[in-house]
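Before any comments, here is the structure.
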Amino acid sequence: MLIAHLNRKRREREAAGLWRQLRVTETACAPSTLLQAHTGAAERRLAFCSNDYLGLAAHPAIVDALIEGARRWGAGSGASHLVSGHSRAHALLEDRLGALFASHIPDACALLFCSGFAANLALLTTLGDGDATILADKLNHASLVDGGLLAAARMHRYPHGRLDLLAARLAECTSTVKLIVTDSVFSMDGDLAPIPELLALAEAHDAWLIIDDAHGFGVLGAGGRGAVEHFGLAGERLIVMGTLGKAAGVSGAFVVAHPAVIDALIQGGRSYIYTTAMPPALAHALSASLTLIDSPEGAARRATLRTLIAHLRRGLLAVIDAHRPAGWHLGESATAIQPLIVGDNQAALAMAAELEQHGLWVPAIRPPTVATGSARLRISLSAAHTVADVERLCAALAQLAAGATARSARA
């Protein structure tokens, strides 16, 4: 009966176009990758699905640093940070991260986590105690949603970007602690949160502002420090969570904030206290990654990424304007995440499958990751892509658009 129940659930998911499948890659993270195809054989694909925004995941300097770190520190940390797993490599990386944000957060300190999910769980469950209220954007990442649900605090989720409703909630709130929680770059839409206005509300209502900068750190700002640098913000009520497996190209995450916040996380963050520390070799490699992000090479990669984003948007808008495929809509995004919204789950899956026939790997994103009726292709760009890569994708999508329009005309 138990297995039959699970199989029934599977059939329901498959019928709704919601079944997910693992894909196996045979090469290092890069735009050109060998991917296990549905036939079982490995085939070359041009990928637009990685969050390796600066193309650092296979950068020789970071690979060399990882090898050097492994030779010096071994393969694992052996324990949690608070037992015996906190190495000098971890401490140096935290010092570097704190220094990066010194001009944005007074006395900034950093704390490492194994993942952004773990960092957000620790933040919301530690700060969101029984004296707190969490006010969160409805399109926040799942880790922020789950952190809020696990917290003892009351949680209100305001409609995406509705600052007027957030302000009204803040004015009514009588909790001792108020936590405004937002993504910086929303992971499925690519749009930027109004961070300056959110900080102004936090200051007006004596609240913390927690920013999940997973898709902004390394990419936004002249030095790649993320949303707070992009908007030129500073203040002690800023709390920034950044991931180190996206633009930084390796793995893990960090929280940077006032020392009192970091102390609270060390004392009460269960996903920090009870997790084995990341291997010190990764921390060693990440120090090399931070050097690259803050270097002229990092600035050049960010400039390349901006050029590719503009080129892709022009191409996709031209395709939509020329063919007018029913239901297609390009989201308003100036970031590396470009959502081509098509609406129907099966349509999104069919488009992804057709693109694979063109040698392109673009994932179909469906509920519950996005709202019902807003299934999409999530196109993500890397500085490792070329203009020719972008034009190849646009040409393939033009063929799909023409076919979709022709089928609609015949129907």
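Derivation of every value follows stated rules applied to the coordinates shown; laboratory data play no part. Since the model is a prediction, treat every value here as computed from it, not as a measurement. Positions of Cβ are backbone-derived with ideal geometry, glycine not excepted, and every protein chain shown enters the neighbour counts.
Some points to look at:
- Over segment 1-111, relative contact order from alpha-carbon pairs under 8 Å, at least 6 apart, %: 11 percent
- Pair-distance distribution of segment 265-370: all C-alpha pairs, bin width 5 Å, starting at 0; shares per bin in whole percent are 2, 9, 11, 14, 14, 10, 12, 13, 8, 4, 1, 0.
- Computed Kirkwood radius, in angstrom, where 1/r is averaged over Cα pairs of segment 1-133: 19.9 Å
- Each peptide in 96-106, 149-159 gets a packing score, the mean of other Cβ atoms within 10 Å over its residues, and the list from highest to lowest is 96-106, 149-159.
- Ordered by the count of other Cβ atoms within 10 Å of each Cβ, fewest first, Cys29, Cys49 give Cys29, Cys49.
- For segment 60-294, the residue among Ile67, Asn120, Ala142 whose Cα projects farthest onto the positive side of the dipole built from Cβ charges is Ile67.
- Spread of Cα-to-Cα distances over 5 Å intervals beginning at zero, given as percent, for segment 339-387: 5, 23, 28, 22, 12, 8, 2
- Restricting the chymotrypsin sites (Phe, Trp or Tyr not before Pro) of segment 202-274 to loop positions (DSSP other than H, G, I, E, B) with no more than 14 neighbouring Cβ atoms within 10 Å leaves Tyr274.
- Under 5 Å, built H, 5+ apart or other chain: amide partners of His160: Lys138, Leu139
- With Cα atoms, 0 to 90° folded angle of helix 163-172 axis to the chain main axis: 30 degrees
- Rg over Rh, two decimals, segment 59-154 (C-alpha only, Kirkwood Rh): 1.06
- The ellipsoid that matches the Cα gyration tensor of the chain has semi-axes, each √(5λ) in whole angstrom, of 35, 26, 22, with the longest given first.
- Lys/Arg +1, Asp/Glu -1 at C-beta; segment 60-294 dipole; positive extreme among Ala168, Val261, Leu238: Val261
- Spacing of the modelled spin labels on His358 and Leu6, each 7 Å from Cα toward Cβ, amounts to 3.8 nm.
- Nearest-ten-degree value, helix 280-293 long axis tilted from longest Cα axis of the chain: 70 degrees
- Convex hull volume per residue for segment 250-302, taking Cα atoms only, in Å³: 101 Å³
- The chain: antiparallel DSSP beta bridges as a percent of all, rounded to 5: 55 percent
- Förster-model FRET efficiency, 60 Å R0, Gln36 and Asp131, C-beta, rounded to 0.05: 0.75
- Hz values of 3J(HN,Hα) by residue in segment 356-365 - Karplus curve (6.51, -1.76, 1.60), Gly and Pro given as x: 4, 5, 8, x, 10, 10, 10, x, 8, 10
- Whichever aspartates and glutamates have a C-alpha closer than 13 Å to that of Lys178, once near sequence neighbours (fewer than 8 apart) are set aside: Asp129, Asp131, Glu203, Asp206
- Based on C-alpha pairs under 8 angstrom that are at least 6 apart in sequence, segment 290-411 has a relative contact order of 31 percent.
- Charge dipole of the chain about the Cα centre (unit charges at C-beta), most positive-ward option of Phe217, Cys394, Ser382: Cys394
- Neighbour-count ranking [beta-carbon atoms within 10 angstrom, fewest first] of Arg302, Arg237, Arg410: Arg410, Arg237, Arg302
- Sites listed here are trypsin sites (Lys or Arg not before Pro) in segment 13-50 whose DSSP assignment is loop and whose Cβ has at most 15 other Cβ atoms within 10 Å: Arg20, Arg23.
- Cα centroid separation - segment 42-99 against segment 192-262, whole Å: 21 Å
- By the count of other C-beta atoms within 10 Å, a proxy for reagent exposure, Met1, Met188 are ordered fewest to most as Met1, Met188.
- The HN-Hα couplings worked out from phi for segment 190-195 by the Karplus form 6.51 cos²θ - 1.76 cosθ + 1.60 (θ = phi - 60°) are x, 7, 8, 5, x, 4 Hz, whole numbers, x standing for Gly and Pro.
- Principal-axis analysis of the Cα atoms of the chain puts helix 88-100 at an angle of about 80° to the longest axis.
- By the Kirkwood approach, averaging reciprocal distances over each pair of separate Cα atoms, segment 60-294 gets a hydrodynamic radius of 17.7 Å.
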